[in-house]
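**Student:** Dropping the structure in here first, questions after.
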Amino acid sequence: MSLSCSDRFTDLLCAEDSDEVLSGESPACSSELDSQASCIEESSIDGFIEDETNFVPGFDYLARFQCQSLDASAREASVAWILKVQAYYNLQPLTAYLSVNYLDRFLYSRRLPQASGWPLQLLSTACLSLAAKMEEPLVPSLLDLQVEGAKYIFEPKTIQRMELLVLTVLDWRLRSVTPFSFIDFFACKLDPTGTFLAFLISRATDIILSNIKEASFLEYRPSSIAAAAILCAANEIPNLSLFNPEHAESWCDGLSKVKNP
């Protein structure tokens, strides 16, 4: 019969000296526990790196923009609109990134009736709505999502039908691996003391969001984007600017195995 969490915690306390526990001092094995937690977290990061290619468009997606079978300027306008709505409602950065991720994965798998105009606006709205439902505690209504600079306004039922199509095309895989799956971990690796942690994460987030409009951004995997963003943020801190980027591969085993197609 397995022990409950409370039973295990009681056993742990019984195994320690009562004076040490009550004094508030760290138990002697705390460093070992920290090491185990670090190994578990690194294992999770390795898993994200292994899975990340399942949540990005295929390797030839960027080439479609380069040969103009897809309209890069129309995509850029759609991403700019998503970011404008994200800023207007103060949505999570991950919400904006997921919206763009859904949009790109859809465009890779399904051709719209026309490369720009209302079909792309409808797709952008549906992707933003789905991402908001995934990440936001309070989600703006479907009509409210369209108030910030939208060229076309769609009825909620139209957006809902498009949401269902997006879900079908993406095979309902919305919990994507993104750069935000990695940046906290990489920031801790670069700054183990935590002195500049908040700045590194905030600045890396800004760098990521400021670049997702560019189609060329699609050439890189989420883990590589996260590592590059953290390194760029570190360059703005004198204490960290001398860090050798080549050492970033040591942050976890999986990162050193990342090879772009």
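**Student:** Order these by the 10 Å Cβ neighbour count, fewest first: 186, 48.
**Tutor:** Details: 186 27, 48 19.
Ranked by crowding around the Cβ, least crowded first: 48, 186.
**Student:** I would also like to ask the following. In the stretch 119-162, what is the volume of the convex hull around the alpha carbon atoms, normalised per residue and reported in Å³?
**Tutor:** 65 Å³
**Student:** For the stretch 57-169, what is the relative contact order in percent, using Cα pairs closer than 8 Å and at least 6 residues apart in sequence?
**Tutor:** For the stretch 57-169, the relative contact order is 29 percent.
**Student:** Taking K and R as +1 and D and E as -1, what net charge do the other residues with C-beta under 15 Å from the C-beta of residue 128 add up to?
**Tutor:** Summing Lys/Arg as +1 and Asp/Glu as -1 gives 0.
**Student:** Are there any trypsin sites (Lys or Arg not before Pro) in the stretch 97-192 that are in a DSSP loop and have at most 16 other Cβ atoms within 10 Å? List them by number.
**Tutor:** Values: sites: 105, 110, 111, 133, 151, 157, 161, 173, 175, 189; in loops: 110, 111, 151, 173, 175.
Within the stretch 97-192, the qualifying trypsin sites (Lys or Arg not before Pro) (loop, at most 16 other Cβ atoms within 10 Å) are 110, 111, 151, 173, 175.
**Student:** What does the net charge come to around residue 215 if you take all other residues with beta carbon closer than 12 Å to its beta carbon, with K and R at +1 and D and E at -1?
**Tutor:** Numbers: positive: 64, 75, 213; negative: 71, 76, 104, 214, 219.
With Lys, Arg at +1 and Asp, Glu at -1, the neighbours total -2.
**Student:** Which order do 118, 81, 172 fall in if you start with the one that has the fewest other Cβ atoms within 10 Å?
**Tutor:** Ascending Cβ contact count within 10 Å gives the list 172, 118, 81.
**Student:** For the stretch 76-184, restrict the atom set to alpha-carbon positions and state the Rg and Dmax in Å.
**Tutor:** Considering the stretch 76-184 through its Cα atoms, Rg and Dmax are 12.8, 40 Å.
**Student:** Within a Cβ distance under 13 Å of residue 145, other residues only, what is the Lys/Arg minus Asp/Glu net charge? Write out the running numbers ahead of the final one.
**Tutor:** Details: positive: 84, 133; negative: 136, 144, 148, 155, 163.
Local net charge: -3.
Since every read-out is calculated from the coordinates, none of them should be taken as a lab result. Predicted model only: the values in this text are computed from it and were never measured. FYI the Cβ positions are ideal-geometry reconstructions off the backbone, even for glycines, and counts take in every protein chain you see.
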